[in-house]
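Let me begin by presenting the structure, written as structure tokens, before commenting on it.
Each value in this text was obtained by applying a stated rule to the coordinates, not by laboratory testing. Owing to the predicted nature of the structure, the values given are computational and were not obtained by experimental measurement. Glycine also receives a Cβ, built like all others from the backbone with ideal geometry; neighbour counts cover every protein chain displayed.
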Amino acid sequence: MPIIDFHSHIIRDRETKEYCTEALLRDMGDNAIDIRMIAAMEGKSISHQNFFVSHLAAEHPQMLIPCAAINPKEDNGVEEMLRVAEEGNFKAIELDSLEHGYLPETCDALDEIFDICHEAGLVVCAFTGWGPRTAPMQWAYYAKRHPKVPLVLLHMGGYDFGYNCIEVAKKFPNIYVETSDVYELPIMHIALREIPHEKILFGSQYPEKITACSKDFFDMFDLSDEDRELFFWKNAARLLKIEGLNGI
């Protein structure tokens with residue numbers, strides 16, 4: 001069975017200013033990850049981070065998918081979004097309201113960013129789970145305003161909002177959930193019972209979390225082979241429009 005890791009980052013050494021590419025690829029091999037979507041959340045600037053990720057993915061086109069980090073608070077946030085869309089290499093963007101310090105529902109640049117994603121066919125991934133800037137309902141505001149844009153709620157609500165995340169995923173057809181950092185087993189049990197299984201995506205949150213732990217989390221549930229295929233690769237392949245994986 002192929003495995004697509006829907007959510008990971010690449011770390012940058014603070015002293016050398018180099019990205020740890022070898023560690024990223026080695027972790028994929030050690031954990032039988034066939035394809036990994038990556039974003040860079042550290043660097044000289046957002047545009048520099050996205051430039052690096054795009055070029056790294058181009059060097060490993062069968063293994064890596066570039067996800068652009070976008071900060072809507074920056075003066076050039078929309079400009080960078082346009083550049084990413086026009087480049088054509090990216091499959092998704094990542095919005096992190098905790099990292100970048102904004103309230104999603106009052107950040108007026110986000111509507112324009114969602115519009116650009118719609119036109120470019122990009123998936124939007126949004127951080128959820130820790131504190132008042134990261135509630136799923138704050139992002140559901142945009143799911144309602146932009147119903148044709150796929151919105152993946154990273155960490156499925158995390159520590160603080162797991163149950164709320166399930167409710168919004170049930171309510172909005174364009175909301176999906178990603179499973180890294182789900183710690184409460186009852187939350188996942190409810191998600192498996194109430195969220196369509198076509199909307200649940202495996203992610204590792206490498207390197208912040210241990211990839212093996214993120215994978216082994218699924219062994220704690222009585223899942224059919226069909227469900228495991230959906231979670232580990234079929235849902236991601238469909239959402240990201242990846243073809244030809246059956247024989248990987």
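Under 13 Å from the Cβ of residue 233, count the other residues' Cβ atoms, weight Lys and Arg +1, Asp and Glu -1, and hand me the total.
Summing Lys and Arg as +1 and Asp and Glu as -1 gives -3.
With an 8 Å Cα cut-off and a minimum separation of 6 or more residues, compute the relative contact order for region 4-240 in percent.
Relative contact order for region 4-240 comes out at 17 percent.
Is the shape of region 67-199 rounded, prolate or oblate, going by the alpha carbon gyration tensor and its root eigenvalues a ≥ b ≥ c, with a/c under 1.5 for rounded and a/b larger than b/c for prolate?
prolate
Mind giving me the nanometre distance, one decimal, between the label points for residue 20 and residue 220, set 7 Å out from Cα along Cα→Cβ?
2.5 nm
For the chain, compute Rg over Rh where Rg is the Cα radius of gyration and Rh is the Kirkwood radius from the inverse mean 1/r over Cα pairs.
With Rg and the Kirkwood Rh in hand, the quotient comes to 0.93.
Residues with amide H under 5 Å of residue 36's amide H, sequence separation 5 or more or different chain, H placed in the peptide plane at 1.01 Å from N; which?
Under 5 Å from the amide H of residue 36: 5, 64, 65.
On full extension of the chain, what length is gained from residue 194 through residue 103, given 0.36 nm per residue of separation minus the C-alpha to C-alpha distance?
Full extension from residue 194 to residue 103 adds 29.9 nm.
Cα gyration tensor of region 1-127, axes a ≥ b ≥ c as square roots of the eigenvalues: rounded (a/c below 1.5), prolate (a/b > b/c) or oblate?
prolate
Report the GluC sites (Glu not before Pro) located in region 1-81 that are in a DSSP loop and have at most 12 other Cβ atoms inside 10 Å of their Cβ, or state none.
Answer by residue number: 15, 18.
Which entries in the list 17/91; 91/171; 44/215; 148/171 go over 20 Å, if you measure between the two C-alpha atoms of each?
Pairs exceeding the cut-off: 17/91; 91/171; 44/215.
Considering Cα pairs under 8 angstrom that are at least six residues apart, work out the relative contact order of region 16-103 and quote it in whole percent.
Contact order relative to length: 24 percent.
State the Cα centre-to-centre distance between region 178-209 and region 46-125 in whole Å.
23 Å
Quick one: among 181, 115, 219, which has the greatest mean-square fluctuation in a GNM of the chain with alpha-carbon springs under 10 angstrom?
The residue that fluctuates most here is 219.
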